[in-house]
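**Student:** Mind looking over this structure? Questions follow.
The values are calculated or read from the model by the stated rules, or taken from the named source; none is laboratory data. As the structure is a computational prediction, the values presented were derived from the model and not from experiment. Don't worry about glycine lacking a Cβ; one is built from the backbone with ideal geometry, like all the others, and counts go over all protein chains shown. Ligands, DNA and RNA are excluded from the accessible area calculation, which covers all protein heavy atoms including side chains. Shrake-Rupley method; radii C 1.70, N 1.55, O 1.52, S 1.80 Å.
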Amino acid sequence: MSEVSEQQQKLRVVVADDQAAVREPLAAVLGLSEDIEVVAAAADGTEVLAAVAAGPVDVVLMDLRMPVMDGIETTRRLVEQHPGVAVVVLTTFADDESILGALGAGARGYLTKNAGRQDITRAIRAAAAGQSVLDREVQDRLLASVRTTASTASPATRTALPADLTPREREVLTLIGRGLPNRGIAEKLFISEATVKTHINNLFAKADIPDRAAAVRRAIEAGLA
């Protein structure tokens, strides 16, 4: 029997990259996953939008540098027109402008092309579940950028955290701000990953935090990280 039950629907993915030598093998490798179906491959942003409009699509694996319409603008339009579709960036670029541009446009994940198949499939699953996955290099650059911005901000402009956050939720936010993934937080606090996810969902709801990148910013602005 397949690992994916007949009742469980596969995640429908669009792979977007302007280089066929990257796009086609990547689509083939992802198609080997039991719970992922590559429904379209796109060479630019307009093809991505057309594929999503034809739908249904759960996740777009997005390159940033593409002709006609780049990945950041495509992500922005997807978020506006198809908010239920998650975007995971897969690119060779890990500069501040690319990272902040993509996350600001609404991407839920950001990986460099050094990522392996397991990293990519994990990011796709996380994005489909409303979670964020950032490459370690991307996390480090994001943390550095946010810390620089936070250090120059006046106390009056910093956003206070809700008073009803529990001590454990503050601990979890602190560790997110330090760049730890859920597994690392679980090990640090001697709790399960499922419990970590529960705390994250609760603190995101209380503090009106949309994603992990925003959580990092809030933690640093609040002086927790």
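**Student:** Listed residues A102, A107; which is closer than 17 Å to A214 by Cβ, in a helix (DSSP H, G or I) and within 14 Å of the chain's Cα centre (by Cα)?
**Tutor:** Working: A107 fails: in a helix (DSSP H, G or I).
Being closer than 17 Å to A214 by Cβ, in a helix (DSSP H, G or I) and within 14 Å of the chain's Cα centre (by Cα) holds for just one of A102, A107, which is A102.
**Student:** Still on this structure, please answer the following. Which of the numbered conditions does L61 fail, given that it passes all the others? Conditions: (1) touching a Lys or Arg at 6+ places or on another chain (Cβ under 8 Å); (2) modelled with pLDDT of 95 or more; (3) buried (at least 24 other Cβ atoms within 10 Å of the Cβ).
**Tutor:** All conditions are met except number (1).
**Student:** Run E3 past the list (1) assigned to a loop (DSSP other than H, G, I, E, B); (2) at pLDDT 90 or above and report the number of the one that doesn't hold.
**Tutor:** It is condition (2) that E3 fails.
**Student:** When you scan segment 180-194, do you find a residue that is open to solvent by 40 Å² or more (accessible area, probe 1.4 Å), part of a helix (DSSP H, G or I) and among the hydroxyl-bearing types (S, T, Y), even just one?
**Tutor:** Scanning segment 180-194, I find no residue that is open to solvent by 40 Å² or more (accessible area, probe 1.4 Å), part of a helix (DSSP H, G or I) and among the hydroxyl-bearing types (S, T, Y), so the answer is no.
**Student:** What number of residues in segment 24-45 are touching a residue at least 24 places away in the same chain (Cβ under 8 Å) and either within 15 Å of H82 (Cβ to Cβ) or not aliphatic (A, V, I, L, M) (or both)?
**Tutor:** 9
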